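Below is the structure I would like to discuss, written out as structure tokens.
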Amino acid sequence: MTPAAAPSASSQPDVLPEGILLRVDGLKTHFGTGNRTAKAVDGVTFSLPRGRTVAVVGESGSGKSVTSLSIMGLIAPPGRIAGGRILHRDREGRVRDLARLTNADFRHIRGPEIAMIFQEPMTSLNPLMTVGEQIGEMIALHERISRGDLRRRVVELLKKVEIPAAESRADDYPHQMSGGMRQRAMIAMALACTPQLLIADEPTTALDVTIQAQILELMRRLQADMGMSMLFITHNLGVVAEIAHEVVVMYAGRVVEQAPAETLFGRPSHPYTRALLASTPDPDRDIAADGSRRPLAAIPGFVPSITNLPPGCAFAPRCPLAAQACRESPPELTTVAPGHVARCIRMEAA
Ligand SMILES: Nc1ncnc2c1ncn2[C@@H]1O[C@H](COP(=O)(O)OP(=O)(O)OP(=O)(O)O)[C@@H](O)[C@H]1O
Ligand SMILES: [Mg+2]
């Protein structure tokens, strides 16, 4: 095993390997100050290859949304980026550290470079404007375009996300649409400026399972057709298996494992990842031929409070492999195999 990531320092040059669109490097996003500091994101490191979908998974409160809001430059006081870098390659091939950009710089990033879809469409759609007006506004913000062309583009986008009767649905207000339709409209809005990177934070959690499957299929197709990169945030490993090329597993504000999806499901290294997989329902595994059911393996204990983390590995109190060394100092992220990293000193003991 070799260390996977050197500690970040702002003096390091802003370089990204070819084929990587975004690299989050030692990111720390904290809320508050002094001994009440909530280290919501505390040294998160992962890479997002161009044209691939990376899923971020982890229990509630593990720092998934704070990570994505940090990338979008949407952390407001008392929150702040306390360390690390968010290296991003723009359309012109220029690499910049998003953690150091101003709000004015972000106007050129949000929309054409990086767009985001939120979990609950009703909180991000304006109830007083038609869906078409809102998508049009997004386009007009970034380019000069005639009214006729704008209308055509809006209808095209609604067709792209498979909204039937797009011509007339463009004039609907959000409340006139079903939950699934609204989520499609949100996706259309996010795609309005053909972003290089789409961040989707639990985009299907509020939907019922059949609609969820349709939206996932749509997103998978759009990602492949448009060749964009996608950062897909979810707590649902079933969804991960459907959509992700790569998976980042977070625990208490840190990345504990990143691997290609097939490796993560087939050969998970970190005891937390293994525990998450064992606690995810799987009918093939859990229901025997005679119909008897194997009980789900719930992860014992609780996620620790981020204002009061243990000195060593944050998962040690719940980990079946924990040894004394695990309780003393936090483990580094190490390379298990090319493209596969994990933060555990005991994974070979399993
Ligand atoms: N504005 C804020 N002020 C203080 N603490 C915050 C703030 N926003 C988030 N946090 C804390 O940061 C931690 C990570 O939150 P985050 O929203 O990123 O979790 P998450 O992984 O997205 O969880 P979920 O699956 O529930 O959406 C939580 O402990 C949360 O309480
Ligand atoms: Mg969240």
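Write out, first by first residue and then by second, each pair whose Cβ atoms fall under 7 Å of each other, whose residues are 6+ apart or on separate chains, and whose first residue, in region 198-215, is in contact (Cβ under 8 Å) with a residue 40 or more places away in the chain and assigned to a strand (DSSP E or B) while the second is within 12 Å of ligand 2 (Cβ to nearest atom) and open to solvent by 60 Å² or more (accessible area, probe 1.4 Å).
201/118; 201/119
Only one of 93, 79, 51 is within 18 Å of the chain's Cα centre (by Cα) and surrounded by fewer than 22 Cβ atoms within 10 Å (Cβ to Cβ); which?
The match here is 51.
Give just the number: which of (1) closer than 23 Å to residue 16 by Cβ; (2) away from ligand 2 (no atom under 14 Å from the Cβ); (3) crowded, with 19+ Cβ neighbours inside 10 Å does residue 39 not satisfy?
Going through the list (1) closer than 23 Å to residue 16 by Cβ; (2) away from ligand 2 (no atom under 14 Å from the Cβ); (3) crowded, with 19+ Cβ neighbours inside 10 Å, residue 39 breaks only (1).
Okay, residues lined up against (1) over 15 Å from residue 187 (Cβ atoms); (2) surrounded by 15 or more Cβ atoms within 10 Å (Cβ to Cβ); (3) of a type in the set (Val, Ile, Thr); (4) within 16 Å of ligand 1 (Cβ to nearest atom):
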{"position": "85", "(1), (2), (3), (4)": "yes, yes, no, no"}
{"position": "98", "(1), (2), (3), (4)": "yes, yes, no, no"}
{"position": "114", "(1), (2), (3), (4)": "no, yes, yes, no"}
{"position": "123", "(1), (2), (3), (4)": "yes, no, yes, yes"}
{"position": "128", "(1), (2), (3), (4)": "yes, no, no, no"}
{"position": "134", "(1), (2), (3), (4)": "no, yes, no, no"}
{"position": "139", "(1), (2), (3), (4)": "no, yes, yes, no"}
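Sticking with this structure for a sec: May I ask you to list pairs of residues, at least six apart or on different chains, whose Cβ atoms are under 7 Å apart, with the first in region 112-125 being of a type in the set (Asp, Glu) and the second being open to solvent by less than 70 Å² (accessible area, probe 1.4 Å)?
113/90; 113/195; 113/196; 113/197; 120/206
Just to be sure I understand, how many residues within region 118-176 are in a helix (DSSP H, G or I), polar (S, T, N, Q) and either modelled with pLDDT under 95 or within 23 Å of residue 207 (Cα to Cα) (or both)?
Of the residues in region 118-176, 4 are in a helix (DSSP H, G or I), polar (S, T, N, Q) and either modelled with pLDDT under 95 or within 23 Å of residue 207 (Cα to Cα) (or both).
Looking at (1) farther than 30 Å from residue 217 by Cβ; (2) modelled with pLDDT of 95 or more, can you tell me which one residue 103 breaks?
(2)
Which residues, counting only those in region 54-74, are over 30 Å from residue 299 (Cα atoms) and open to solvent by 40 Å² or more (accessible area, probe 1.4 Å)?
Of everything in region 54-74, just one residue is over 30 Å from residue 299 (Cα atoms) and open to solvent by 40 Å² or more (accessible area, probe 1.4 Å), namely 74.
Since residue 334 meets every condition but one in (1) within 27 Å of the chain's Cα centre (by Cα); (2) surrounded by 19 or more Cβ atoms within 10 Å (Cβ to Cβ), which condition does it not meet?
Failing condition for residue 334: (2).
Being in contact with a Pro (Cβ under 8 Å, 6 or more places away or on another chain), more than 15 Å from residue 22 (Cβ to Cβ) and not hydroxyl-bearing (Ser, Thr, Tyr): is that true of residue 117 here?
Yes.
The values are calculated or read from the model by the stated rules, or taken from the named source; none is laboratory data. Being a predicted model, the structure only gives us computed values, none of them experimental. We place every Cβ from the backbone using ideal geometry, glycine too, and count neighbours over all the protein chains shown. For the accessible areas, the whole protein counts, side chains as well, though only heavy atoms, and no ligand, DNA or RNA atoms are used. Shrake-Rupley method; radii C 1.70, N 1.55, O 1.52, S 1.80 Å.
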